[in-house]
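Visitor: Structure incoming, see below.
Where a number appears in this text, it was derived from the coordinates with a stated rule and is not lab data. Please read these numbers as outputs of a predicted model, since none were measured by experiment. With ideal geometry, Cβ positions are generated from the backbone for all residues, glycine too; neighbour counts draw on all protein chains shown.
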């Protein structure tokens, strides 16, 4: 994912990553969606499990991908404004990329990094190339791993199952295999996971 870099450049990259991380998490911690901070960290963890050598643009994009959800009312994309769920998700991703661009420029990030991290966030819902697909898989796996219990409690079984099915459709074969390792020990949550896996197996 990334070539070795000189010590001085490595220090600059570390400082940039710290700046971006602090600013991204400062926004995400203000989210009204309680699972958002844990989801950001967990998506990064899944990314590093899928791609241990993931470069800085991918790592930043993983942490920031859902930053739109943490914005104040009037600045974030609202589900209620869209008839189509996929159109809502695409708009959410584009708005998150816009916010991340401002953060990275404030941190003094070089232009190629700004462009790539923002491109990845803008494409994180649907992928489309190897790098964007990695981020999509990490985000999707984190939904099941971190978000699903609170999503179920908040939205109810029917909506949680709909969302879990939607997430399954965008998983790569590798990520689908990894989903089989995710369990919560909560019968209601695990029943949704098992149903999605069983339905997916019947589709093959």
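Visitor: Quick one: work out Rg over Rh on the C-alpha atoms of the range 1-79, Rh as Kirkwood radius.
Guide: Taking Rg over the Kirkwood Rh, I get 1.04.
Visitor: Stretch residue 126-residue 180 to full length: gain in nm at 0.36 nm per residue minus the Cα-Cα span?
Guide: 17.3 nm
Visitor: Next up: Picking from 36, 66, 186, which is most flexible by a Gaussian network model of the chain using Cα springs under 10 Å?
Guide: Between 36, 66, 186, it is 186 that shows the largest mean-square fluctuation.
Visitor: Between residue 85 and residue 195, what is the spin-label point distance in nm, taking each point 7 Å from the Cα along the Cα→C-beta axis?
Guide: The two pseudo-label positions are separated by 1.3 nm.
Visitor: Let me see the pair-distance distribution of the chain: every alpha carbon pair, 10 Å bin width, integer percents in order.
Guide: All Cα pairs, binned at 10 Å, distribute as 9, 35, 36, 16, 4, 0 percent.
Visitor: What whole number of Å gives the distance from the Cα centroid of the range 27-91 to the Cα centroid of the range 116-189?
Guide: 12
Visitor: Measuring from label point to label point, each 7 Å out along Cα→Cβ, what is the residue 115 to residue 45 span in nm?
Guide: Output for this residue pair reads 3.5 nm.
Visitor: Output the peptides 57-64, 88-95, 172-179 sorted from most to least packed, where packing is the average of other Cβ atoms within 10 Å over each peptide's residues.
Guide: 57-64, 88-95, 172-179
Visitor: Which angle from 0 to 90°, rounded to the nearest 10, does the C-alpha axis of helix 111-122 make with the longest principal axis of the chain?
Guide: The angle comes out at about 10 degrees.
Visitor: Kindly rank 70-76, 188-194 from highest to lowest mean number of other beta carbons found within 10 Å of each residue.
Guide: Descending packing order for the listed peptides: 188-194, 70-76.
Visitor: Rounded to the nearest 500, what is the chain's calculated 222 nm mean residue ellipticity when only DSSP H runs of at least 4 contribute -39500 (n - 2.57) each, over all residues?
Guide: Estimated from H runs of four or more residues: -21500 deg cm²/dmol.
Visitor: Just to verify a number: FRET efficiency for residue 202 and residue 98, C-beta to C-beta distance, R0 = 41 Å, to 0.05?
Guide: Working from the Cβ atoms, E equals 0.55.
Visitor: May I ask you to derive the relative contact order of the range 52-204, considering only C-alpha pairs under 8 Å and at least 6 residues apart, and to give it as an integer percent?
Guide: 19
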